[in-house]
1. Relative to the Cα centre, what is the charge dipole magnitude of the chain, using +1 at the beta carbon of each Lys and Arg, -1 at the beta carbon of each Asp and Glu, and rounding to the nearest 20 debye?
2. Carbon and sulfur: what percent of the chain's accessible surface (1.4 Å probe)?
3. May I ask you to compute the full-extension gain from Ser123 to Asp73, defined as 0.36 nm times their residue separation minus their alpha-carbon distance, rounded to one decimal in nm?
4. Using the alpha carbons of the chain, what is the convex hull volume per residue in cubic angstrom, as a whole number?
5. For the chain, calculate the relative contact order in percent as a whole number, restricting contacts to Cα pairs under 8 Å that are 6 or more residues apart.
6. Of the candidates Lys43, Lys101, Lys76, which one comes out as most mobile in a Gaussian network treatment of the chain with C-alpha springs shorter than 10 Å?
Amino acid sequence: QVQLVESGGGLVQAGGSLRLSCAASGRTFTHDTVGWFRRDLGKEREFVSAISWTRGNTNYADSVKGRFTISRDNAKNTVYLQMNSLKPEDTNVYYCATGVKELSPFFQEYEYWGQGTQVTVSS
């Protein structure tokens with residue numbers, strides 16, 4: 001079992017920044033990839049970014065490249081998503097998840113999920 005807890009969401013003006021955190025506990029070594037997804041009401045989860053715990057390599061959706069940066073702190077078992085130049089269309093609930101498929105952009109390939117954190121960007 002892996003437990004994930006997101007934090008750091010909130011309300012920010014367009015152009016602003018937020019940093020999301022995903023704290024992991026439990027059998028984290030069994031799932032090497034940590035991904036961030038977002039979901040608007042009534043829509044499928046959209047891939048945002050992913051990182052490998054062991055190698056640190058990353059993957060980004062085109063919509064966030066150059067604005068968002070994913071990183072990890074292995075000592076704290078925490079993955080971060082630094083979000084800069086936020087746009088109103090980034091407004092969503094953001095979830096972190098773990099999976100075994102390296103850097104997968106497909107939510108179906110992730111097994112454990114956090115409860116989500118709301119990000120709201122005002123225009």
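The values are calculated or read from the model by the stated rules, or taken from the named source; none is laboratory data. As the structure is a computational prediction, the values presented were derived from the model and not from experiment. Note that we place each Cβ from the backbone using ideal geometry, even for glycine, and neighbour counts take in every protein chain shown. Only protein heavy atoms, including side chains, enter the accessible area calculation; ligands, DNA and RNA are left aside. Shrake-Rupley method; radii C 1.70, N 1.55, O 1.52, S 1.80 Å.
1. Values: 13 positive and 12 negative charges, 46 e Å.
It works out to roughly 220 debye.
2. On the way: 3030 of 6230 Å².
Answer for the chain: carbon and sulfur cover 49 percent of the accessible area.
3. On the way: separation 50, 0.36 × 50 = 18.00 nm, distance 3.24 nm.
Net length gain for the segment: 14.8 nm.
4. Convex hull of Cα atoms, per residue: 90 Å³.
5. Working: 318 pairs, mean separation 44.9, N = 123.
Computed over the chain, the figure is 37 percent.
6. Lys43
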